[in-house]
1. Conditions first: (1) crowded, with 19+ Cβ neighbours inside 10 Å; (2) farther than 29 Å from T211 by Cβ; (3) more than 26 Å from the chain's Cα centre (by Cα). I299 passes all but one, so which condition is the exception?
2. Identify, please: which residue in segment 136-146 is modelled with pLDDT of 95 or more and within 24 Å of the chain's Cα centre (by Cα) and is, among those, surrounded by the fewest Cβ atoms within 10 Å (Cβ to Cβ)?
3. If I ask for residues that are at pLDDT 95 or above and of a type in the set (V, I, T), which ones from segment 176-216 would you list?
4. Mind listing just one residue for me: the one in segment 216-249 that is free of Cβ contacts under 8 Å to residues at least 40 places away in the same chain and not small (G, A, S) and, of those, farthest from I28 (Cα to Cα)?
5. So which pairs qualify, if the first residue must be in segment 280-305 and on the phi > 0 side of the Ramachandran plot and part of a helix (DSSP H, G or I), the second must be at pLDDT 95 or above and of a type outside the set (G, A, S), the Cβ gap must be under 8 Å, and the two must be at least 6 apart or on different chains?
6. Within segment 2-17, can one find any residue that is assigned to a helix (DSSP H, G or I), surrounded by fewer than 20 Cβ atoms within 10 Å (Cβ to Cβ) and touching a residue at least 12 places away in the same chain (Cβ under 8 Å)?
7. Quick one: in segment 306-328, of everything that is open to solvent by 30 Å² or more (accessible area, probe 1.4 Å) and either touching a strand residue (DSSP E or B) at 6+ places or on another chain (Cβ under 6 Å) or more than 16 Å from G285 (Cα to Cα) (or both), which residue is modelled with the lowest pLDDT?
8. Let me confirm something: among E252, E312, which residue is among the acidic types (D, E) and touching a residue at least 60 places away in the same chain (Cβ under 8 Å)?
Amino acid sequence: MTQKRPIFAVAPMIDWTDRHCRYFHRQISREALLYTEMVVADAIIHGPRERLLGHDAAEHPLALQLGGSDPAKLADAVQIAEPYGYDEINLNVGCPSDRVQSGTFGACLMLRPETVAECIAAMKRVATVPVTVKCRIGVDEQEPEQALPELITRVLDAGADAIWIHARKAWLKGLSPKENREIPPLDYDIVYRMKQRWPDVFIGINGGIRTLDEAATHLTHVDGVMLGRAAYQNAAILADIDQRFFGAPAAEQDWEALRDRMMAYAERHIASGGRLQHVARHMVGLFTGLPGARRYRQILSTDAAKTGAGPEVLAAAFAAVDFSGTDQEAVSA
């Protein structure tokens with residue numbers, strides 16, 4: 001069954017897509033599907049739940065990504081997360097970090113498709129929202145043409161509602177997580193073939209996608225496109241998504257209004273005991289390529305980190321950017 005959902009997503013990224021990042025991204029695009037960082041099931045069961053699962057209502061549509069390999073614990077985590085109102089629960093079968101491997105989950109689960117299926121089945125039994133999988137095309141010496149279809153078959157039989165595929169292998173030994181995002185060659189064609197094999201299943205693509213033109217090309221083959229670093233490092237790219245992919249009326253981004261919303265948000269965060277830097281660090285790449293962007297970055301990188309820094313730092317940073325003579329396309333290119 002094809003899952004009816006937004007076709008453009010911002011990828012889950014550890015240490016990046018926290019609640020402040022997601023709130024910021026939501027101010028630029030109303031329609032993009034946002035993902036949390038991966039949250040380990042054990043942490044949800046035993047840790048500070050509000051800190052791990054809490055979010056602003058404005059962040060929706062919002063998916064929670066879980067890490068784990070124990071079906072019972074994942075089911076418990078899904079039930080604990082239920083009151084927080086996520087729109088989707090996603091199982092991480094793609095992260096190659098040593099920390100994740102030591103817990104026997106993430107990308108190493110590509111080697112244990114039967115375990116992934118058991119996890120999905122357990123999550124589906126208690127979930128009230130779609131349960132999805134984000135995986136690689138294979139790991140280490142696996143042959144993707146065999147490993148990927150086997151995984152997809154098993155998780156679909158277990159009830160998975162959608163599959164997001166990072167179109168690279170992961171090498172569990174010898175490559176860092178950063179290298180695993182860059183060195184293994186991209187193979188978009190295999191993802192396209194999976195969609196051809198399962199035409200009625202939502203299959204989305206991730207990995208190395210840098211522009212909205214590239215995203216549009218992928219969407220002629222698959223159901224969804226997920227951007228990671230490209231969306232984080234230049235969040236202005238999100239400004240064109242609603243009009244281009246969701247039919248929203250064409251409109252120039254009101255950067256002053258964005259500034260004011262983020263200042264108000266930062267003020268609330270600081271009043272609750274947080275620091276401006278928690279919010280500002282996600283905004284540093286917003287105006288890449290515009291006159292004044294370097295000064296904008298300097299202000300956010302230095303002044304926002306100072307003790308007692310307040311929302312006025314955001315105002316000063318925005319004031320450094322020269323918007324004259326630019327249009328939306330130039331900002332988001």
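The values are calculated or read from the model by the stated rules, or taken from the named source; none is laboratory data. Everything quoted here is computed from the prediction, not taken from an experiment. Backbone-built Cβ (ideal geometry, glycine too); neighbour counts: all protein chains shown. Accessible surface is based on the protein model in full, side chains and every heavy atom, while ligands, DNA and RNA are left aside. Shrake-Rupley method; radii C 1.70, N 1.55, O 1.52, S 1.80 Å.
1. Unmet for I299, out of (1) crowded, with 19+ Cβ neighbours inside 10 Å; (2) farther than 29 Å from T211 by Cβ; (3) more than 26 Å from the chain's Cα centre (by Cα): (2).
2. For segment 136-146, the residue satisfying everything is P144.
3. The answer is I190, V191, V201, I203, I205, I209, T211.
4. Of all residues in segment 216-249, those free of Cβ contacts under 8 Å to residues at least 40 places away in the same chain come to 216-218, 220-222, 230, 243-244, 247, 249.
After this cut, where a residue has to be not small (G, A, S) as well, the list is 217-218, 220-222, 243-244, 249.
Numbers: T217: 22, H218: 22, T220: 25, H221: 26, V222: 24, Q243: 12, R244: 14, P249: 14 Å.
That would be H221.
5. Sorted first by the residue in segment 280-305, then by its partner, the list stays empty.
6. First pass over segment 2-17, keeping only residues assigned to a helix (DSSP H, G or I): none.
Checked against the condition, which is being assigned to a helix (DSSP H, G or I), surrounded by fewer than 20 Cβ atoms within 10 Å (Cβ to Cβ) and touching a residue at least 12 places away in the same chain (Cβ under 8 Å), segment 2-17 yields no hits at all.
7. Residue satisfying both the conditions and the ranking: D327.
8. Just one listed residue meets the conditions, E252.
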